[in-house]
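One structure is given here, and the rest of the page talks about it.
The values are calculated or read from the model by the stated rules, or taken from the named source; none is laboratory data. Computed from a predicted structure; not experimentally measured. Glycine gets a Cβ as well: all are built from the backbone with ideal geometry, and neighbour counts include every protein chain shown.
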Amino acid sequence: MTALIIWGLLALTAFCGFIALGVWQAERRVWKHELVERVEARIQAPATAAPAQSAWADVLAAPQDYEYLRVKLEGRLRYDQTTLVEANTVLGRGYWVMTPLQTPEDDIVFINRGFVPRAQPNDSWRDAPTPAQALSLTGLLRLSEPEGTFLRSNEPAQGLWYSRDVEQLASYLGLKPVAPYFIDVQAQKPVPPELTIEPPTRLPNEMLPVAGLTVIKFPDNHLMYMLTWFGLAIMVAAASAYVIREEYRLRRSR
């Protein structure tokens with residue numbers, strides 16, 4: 001009898017746990033669909049002014065209200081302080097080209113100018129206009145990445161950058177004040193589809209950096225996970241019903 005009670009408690013715990021996990025995945029699925037709809041609406045909307053320094057605290061307080069906003073800003077790119085950050089894209093492994101932009105108010109906003117293949121970090125694409133001319137940029141607002149994306153810490157002294165941590169970049173370069181976000185610059189023309197099918201080792205320098213590679217598609221496996229957890233809950237319930245029926249049958253036969 002004691003063993004049956006223990007088994008029943010374990011079965012009840014498992015059943016409740018699987019139901020809770022299924023409900024959680026259902027909630028995550030709703031959240032993911034809302035995220036996709038929000039991002040799609042933002043990237044199609046007209047560009048608005050990038051948040052000025054007076055709004056940086058709001059960006060930090062409510063990042064979900066700002067990420068992937070299509071924004072525009074003006075300033076001068078400080079090409080001599082360009083930093084390359086590890087990247088893995090549809091065009092293969094390489095680097096994001098992060099260049100600080102100095103606004104007319106002397107604020108610093110990092111610009112992700114695009115991607116360069118691993119074989120071309122120091123090709124002629126790096127040759128910048130001298131002096132840098134004031135320009136206007138349009139792109140998607142992205143949040144800083146202080147925790148990295150490659151499960152590795154940045155090593156500034158060795159010139160190894162694995163995440164677009166704008167505060168760390170600014171600190172290393174001696175820049176301030178720096179916005180708590182960066183801008184993925186908008187592509188002037190789409191990437192030829194054939195390049196994404198078989199990414200070449202090198203690209204023509206006139207194409208570099210390749211902008212417009214922001215990932216705006218999000219994996220949505222929540223329905224499968226939800227059905228899995230609910231299915232396990234049903235299996236536990238069915239097994240419990242079978243054990244109870246068999247125990248009842250045995251007791252009646254005694």
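Would it be correct to say that R42 is part of a helix (DSSP H, G or I) and surrounded by fewer than 19 Cβ atoms within 10 Å (Cβ to Cβ)? Before the answer, list the steps.
Working: part of a helix (DSSP H, G or I): yes; surrounded by fewer than 19 Cβ atoms within 10 Å (Cβ to Cβ): yes.
So R42 fits the description; yes.
For the range 97-116, a residue qualifies if it is surrounded by fewer than 23 Cβ atoms within 10 Å (Cβ to Cβ) and touching a Lys or Arg at 6+ places or on another chain (Cβ under 8 Å), and the qualifying residues are M98, T99, Q102, I108.
Here are some residues: L175, L169, L141, L137. Which one is modelled with pLDDT of 90 or more, farther than 22 Å from F115 by Cβ and hydrophobic (A, V, I, L, M, F, W, C)?
Only one candidate passes the filter, namely L175.
Restricting V191, V178 to residues that are buried (at least 16 other Cβ atoms within 10 Å of the Cβ) and farther than 15 Å from T99 by Cα narrows the list to V191. The residue of the range 204-248 that is surrounded by the fewest Cβ atoms within 10 Å (Cβ to Cβ), among those that are farther than 30 Å from L35 by Cβ and among the acidic types (D, E), is E206. Looking across the range 29-58, the residues that are closer than 14 Å to R142 by Cβ and within 16 Å of the chain's Cα centre (by Cα) come down to V39, R42, I43. For beta carbons closer than 9 Å, sequence separation of 6+ or different chains, a first residue in the range 30-47 that is over 14 Å from T214 (Cα atoms) and touching a residue at least 24 places away in the same chain (Cβ under 8 Å) and a second that is in a helix (DSSP H, G or I) and among the polar types (S, T, N, Q), the qualifying pairs are L35/Q64; R38/Q64.
Within the range 199-222, track down each residue that is in a helix (DSSP H, G or I) and at pLDDT 80 or above.
In the first step, residues of the range 199-222 are kept if they are in a helix (DSSP H, G or I); the result is 205-207, 222.
If the condition is that a residue be in a helix (DSSP H, G or I) and at pLDDT 80 or above, then N205, E206, M207 are the ones that fit.
Among the residues of the range 63-90, those that are in contact with a helix residue (DSSP H, G or I) (Cβ under 9 Å, 6 or more places away or on another chain), within 24 Å of Q44 (Cα to Cα), not β-branched (V, I, T) and not in a strand (DSSP E or B) comprise Q64, D65, Y66, E67, Y68, L69.
Taking every residue in the range 212-230 that is of a type in the set (D, E) and pairing it with any residue that is modelled with pLDDT under 85, at least 6 positions away or on another chain, the pairs with Cβ-Cβ distances below 8 Å are D220/R29; D220/K32; D220/H33; D220/V36.
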